[in-house]
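Some notes on the structure that comes next.
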């Protein structure tokens with residue numbers, strides 16, 4: 001009888017444990033300062049936009065090409081990232097516009113091998129004649145955000161976000177989301193000259 005009670009006590013002790021529940025996924029929580037934007041006008045560029053004060057350096061250079069082209073880099077040293085912009089003049093040539101659109105869309109699709117998902121959002125601003133697409137790339141792709149905007153007649157601008165670290169989506173997620181807002185703000189504040 002004594003063994004019977006010991007077995008009962010043992011079973012009660014073993015049976016009273018809660019089932020193990022896996023912990024939910026979590027992302028690193030980093031807090032960045034509230035964005036403070038100011039207008040940036042680079043004299044040689046045929047457009048202007050607003051940039052976050054967290055961007056410490058903006059560089060630009062003319063690209064040797066058959067069309068008027070410029071490269072602009074917006075550096076965020078504290079986030080270890082850069083937004084790369086490339087401007088190309090369409091020069092009222094619909095063939096140029098088709099080629100530029102094709103290149104921009106193919107550039108985003110090259111990330112499908114590493115991306116978990118690519119979400120595209122159309123952007124239209126009839127008042128300022130700015131039309132384009134924003135792409136959010138999820139997963140361990142090299143670039144988490146890309147976009148292009150155009151007025152469909154003279155101007156075409158593409159942009160992409162890159163970090164100076166190996167793309168580990170869990171680690172760069174907070175910075176990618178913060179800079180995604182900056183990219184959207186750039187798109188919204190583009191003014192053609």
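None of the figures in this text is laboratory data; all of them are computed from the coordinates on show. The shown structure was predicted, so the numbers you read here are calculated from the model rather than taken from an experiment. Note that each Cβ is placed from the backbone with ideal geometry, even for glycine, and that neighbours are counted across all protein chains shown.
Given a cut-off of under 8 Å on Cα pairs at least six residues apart, what relative contact order in percent is computed for segment 101-158?
Dividing the mean separation by the residue count of segment 101-158 yields 29 percent.
Name all residues of segment 61-94 having a backbone nitrogen under 20 Å from the label point set 7 Å from the Cα of residue 44 along its Cα→Cβ direction, giving them as ranges.
Correct set: 61-75, 83-91.
Please list the three semi-axes, largest first and in whole Å, of the ellipsoid equivalent to the chain, using sqrt of 5 times the eigenvalues of its alpha carbon gyration tensor.
The three semi-axes for the chain are 50, 18, 14 Å.
Taking a ≥ b ≥ c as the square roots of the eigenvalues of the Cα gyration tensor of segment 56-128, is the shape rounded (a/c under 1.5), prolate (a/b larger than b/c) or oblate?
Taking the square roots of the gyration eigenvalues as a ≥ b ≥ c, segment 56-128 is oblate.
Percent relative contact order of the chain, based on C-alpha pairs within less than 8 angstrom and at least six residues apart?
21
Residue separation times 0.36 nm, minus the C-alpha to C-alpha distance between residue 185 and residue 118: what's the value?
Taking residue 185 through residue 118 to full extension adds about 22.1 nm, to one decimal.
For segment 87-193, what's the relative contact order in percent, using C-alpha pairs closer than 8 Å and at least 6 residues apart?
Here the relative contact order equals 25 percent.
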